[in-house]
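K.L.:
First the structure, which I've put down as structure tokens, then a few questions once you've had a look.
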Amino acid sequence: MEAGFLPRAWIQALLDALHRAGYRCVGPQVRDGAIVYDTLDRAGALPQGVRDRQGPGQYRLETTASPRYFSWANGPQALKPFLFAPHEVMWRAERDARGAIRFSEIMPAAEMLAVIGARACDLAALRLQDRHFLQGKFADPYYAARRKNLFLVAVHCTHPADTCFCASTGDGPRATQDFDIALDELDDGYLVQAGSDQGSMITAQLPLAPTTDAQRGIAEQEAQEAARRQTRGLPSRNLRDVLFANLEHPRWENVAERCLSCGNCTAVCPTCFCHGERDVTALDNSHSEHARQWDSCFTQGHSYIHGMTIRADTRMRYRQWLTHKLGSWHDQYGRSGCVGCGRCIAWCPVGIDITEEARAIGGGGGHG
């Protein structure tokens with residue numbers, strides 16, 4: 001549903017329309033040398049002219065003379081922290097004056113949230129998170145409460161990093177679904193597309209002009225060029241059989257010698273969903289809180305089961321992560337758990353490259 005062309009000078013009108021509809025806007029901003037999402041009230045806070053340079057174990061920002069706000073690939077955040085909270089209290093147990101224990105569930109506030117600048121790879125990751133947390137017999141009410149009022153403004157990617165490979169996974173660089181509004185950013189403004197009824201209600205309030213063939217041609221050309229510039233890629237979109245046929249491949253030991261088991265890759269991954277739970281008791285023993293927080297399959301405690309650790313060394317932990325992400329996710333969710341964002345490559349302290357390891361272990365095997 002193409003809506004029209006929004007001149008760059010009027011981008012604030014989009015934020016204003018979302019604010020009037022009751023949304024808190026969050027968008028990309030420069031914080032501590034990285035692009036992160038934070039509350040966004042004015043368009044002037046967007047990272048104008050900022051580009052990212054990423055490589056294995058490397059991430060840095062550069063400032064250019066470009067008028068664009070979205071000429072970068074991604075930062076360490078995706079959409080995951082807004083829905084699957086890094087830490088949240090799930091219930092509280094209190095002792096009354098007679099010593100009886102009373103339990104009360106703690107649900108998140110139903111906030112209306114609009115995210116500006118979502119990438120195609122992160123929308124693909126959101127679809128996987130939705131399948132994990134919302135589908136099946138036991139939907140997660142905490143995730144569902146946040147997901148219900150989420151408004152997504154996608155921006156098609158035109159400046160992939162050297163670590164990006166979404167074209168090989170089929171998840172970018174153009175967003176094709178699951179957005180309320182999508183933007184093609186040009187030097188002088190934006191091609192605006194509505195993707196939902198809510199999106200149409202917002203775009204109807206914008207000072208849009210008709211798009212031209214020249215504008216649409218530039219947008220399409222830039223999307224094609226963004227895909228062409230991606231030099232990394234997985235050898236196949238389905239590596240399940242070939243990975244499980246190579247569980248004793250010597251490469252597992254090789255990567256274990258480099259891996260720090262720090263969990264950075266799982267923290268920045270937009271699809272990882274591992275978590276742990278623990279109880280925190282008040283010092284006066286009056287109450288306790290049961291909390292859920294992000295965990296990683298790279299930690300020792302993640303595979304601890306009553307007296308023993310199932311995956312006691314880094315070799316087994318990395319193998320579990322890769323075979324699950326690229327292999328058994330096909331059994332669970334019908335596709336790989338990797339959307340090609342490349343974050344795990346850039347934010348790995350020692351620069352381990354998931355595409356390199358997949359090729360070393362799986363080669364060109366698997367099914368497309």
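The values are calculated or read from the model by the stated rules, or taken from the named source; none is laboratory data. What you are looking at is a predicted structure, and each value in this text was computed from that prediction instead of being measured. We place every Cβ from the backbone using ideal geometry, glycine too, and count neighbours over all the protein chains shown. Just the protein is used for accessible areas: all its heavy atoms, side chains included, with ligands, DNA and RNA removed. Shrake-Rupley method; radii C 1.70, N 1.55, O 1.52, S 1.80 Å.
K.L.:
Determine whether K137 is within 18 Å of G195 (Cβ to Cβ) and surrounded by fewer than 14 Cβ atoms within 10 Å (Cβ to Cβ).
P.N.:
no
K.L.:
Taking the stated definitions as given, is C265 open to solvent by less than 60 Å² (accessible area, probe 1.4 Å), touching a Phe, Trp or Tyr at 6+ places or on another chain (Cβ under 9 Å), within 30 Å of R127 (Cα to Cα) and part of a helix (DSSP H, G or I)?
P.N.:
Yes, satisfied.
K.L.:
In region 319-329, is there at least one residue being outside any loop (DSSP other than H, G, I, E, B), free of Cβ contacts under 8 Å to residues at least 40 places away in the same chain, open to solvent by 30 Å² or more (accessible area, probe 1.4 Å) and not aliphatic (A, V, I, L, M)?
P.N.:
Yes, region 319-329 has at least one match.
K.L.:
On to the next question. Tell me which residues, restricted to region 29-58, are acidic (D, E) and touching a Leu at 6+ places or on another chain (Cβ under 9 Å).
P.N.:
D41, D52
K.L.:
If you take the residues in region 12-68 that are in contact with a Ser or Thr (Cβ under 8 Å, 6 or more places away or on another chain) and charged (D, E, K, R), which one is farthest from L152 (Cα to Cα)?
P.N.:
Per the stated criteria, the residue is R51.
K.L.:
Within region 332-345, can you find the residues that are farther than 23 Å from G57 by Cβ, at pLDDT 95 or above and assigned to a helix (DSSP H, G or I)?
P.N.:
none
K.L.:
Also, I was wondering about something else. Residue check: is G44 in a strand (DSSP E or B) and under 30 Å from T212 (Cα atoms)?
P.N.:
In short, no.
K.L.:
Looking at (1) touching a residue at least 40 places away in the same chain (Cβ under 8 Å); (2) surrounded by fewer than 18 Cβ atoms within 10 Å (Cβ to Cβ); (3) more than 23 Å from R240 (Cα to Cα), which one does R292 not meet, given that it meets all the others?
P.N.:
Going through (1) touching a residue at least 40 places away in the same chain (Cβ under 8 Å); (2) surrounded by fewer than 18 Cβ atoms within 10 Å (Cβ to Cβ); (3) more than 23 Å from R240 (Cα to Cα) one by one, R292 breaks only (2).
K.L.:
Of all residues in region 8-34, count the ones that are out of contact with any His (no Cβ under 9 Å at 6 or more places or on another chain) and either charged (D, E, K, R) or open to solvent by less than 40 Å² (accessible area, probe 1.4 Å) (or both).
P.N.:
18
K.L.:
Checking M316 against (1) out of contact with any Leu (no Cβ under 9 Å at 6 or more places or on another chain); (2) aliphatic (A, V, I, L, M); (3) farther than 28 Å from F133 by Cα, which test does it fail?
P.N.:
Answer for M316: the failing condition is (3).
K.L.:
Restricting attention to region 4-18, does a residue exist that is closer than 24 Å to E111 by Cα and free of Cβ contacts under 8 Å to residues at least 12 places away in the same chain?
P.N.:
Yes; the residues of region 4-18 include at least one that is closer than 24 Å to E111 by Cα and free of Cβ contacts under 8 Å to residues at least 12 places away in the same chain.
K.L.:
Has region 348-360 got any residue that is open to solvent by 10 Å² or more (accessible area, probe 1.4 Å) and in contact with a Ser or Thr (Cβ under 7 Å, 6 or more places away or on another chain)?
P.N.:
There is no residue in region 348-360 that is open to solvent by 10 Å² or more (accessible area, probe 1.4 Å) and in contact with a Ser or Thr (Cβ under 7 Å, 6 or more places away or on another chain).
K.L.:
Give me a count of the residues in region 148-169 that are over 30 Å from I352 (Cα atoms), open to solvent by 10 Å² or more (accessible area, probe 1.4 Å) and either outside the structural domain of R24 (by the TED database) or not in a loop (DSSP other than H, G, I, E, B) (or both).
P.N.:
Of the residues in region 148-169, 1 are over 30 Å from I352 (Cα atoms), open to solvent by 10 Å² or more (accessible area, probe 1.4 Å) and either outside the structural domain of R24 (by the TED database) or not in a loop (DSSP other than H, G, I, E, B) (or both).
K.L.:
How many residues are in a helix (DSSP H, G or I) and open to solvent by 40 Å² or more (accessible area, probe 1.4 Å) if we restrict to region 218-233?
P.N.:
7
K.L.:
Residues being more than 20 Å from L79 (Cα to Cα), in contact (Cβ under 8 Å) with a residue 12 or more places away in the chain, outside any loop (DSSP other than H, G, I, E, B) and open to solvent by 70 Å² or more (accessible area, probe 1.4 Å): count how many of those fall in region 170-214.
P.N.:
Residues in region 170-214 being more than 20 Å from L79 (Cα to Cα), in contact (Cβ under 8 Å) with a residue 12 or more places away in the chain, outside any loop (DSSP other than H, G, I, E, B) and open to solvent by 70 Å² or more (accessible area, probe 1.4 Å): 1 in total.
K.L.:
Determine the pairs where a residue that is without any contact (Cβ under 8 Å) to a residue 40 or more places away in the chain and more than 24 Å from W72 (Cα to Cα), located within region 120-139, has a partner that is among the small types (G, A, S) and in a helix (DSSP H, G or I) with Cβ atoms under 8 Å apart, the partner being 6 or more residues away or on another chain.
P.N.:
Final answer for the pair search is L134/A144.
K.L.:
So, one more: Checking the conditions here, which among A109, A145 is outside any strand (DSSP E or B) and open to solvent by 50 Å² or more (accessible area, probe 1.4 Å)?
P.N.:
A109
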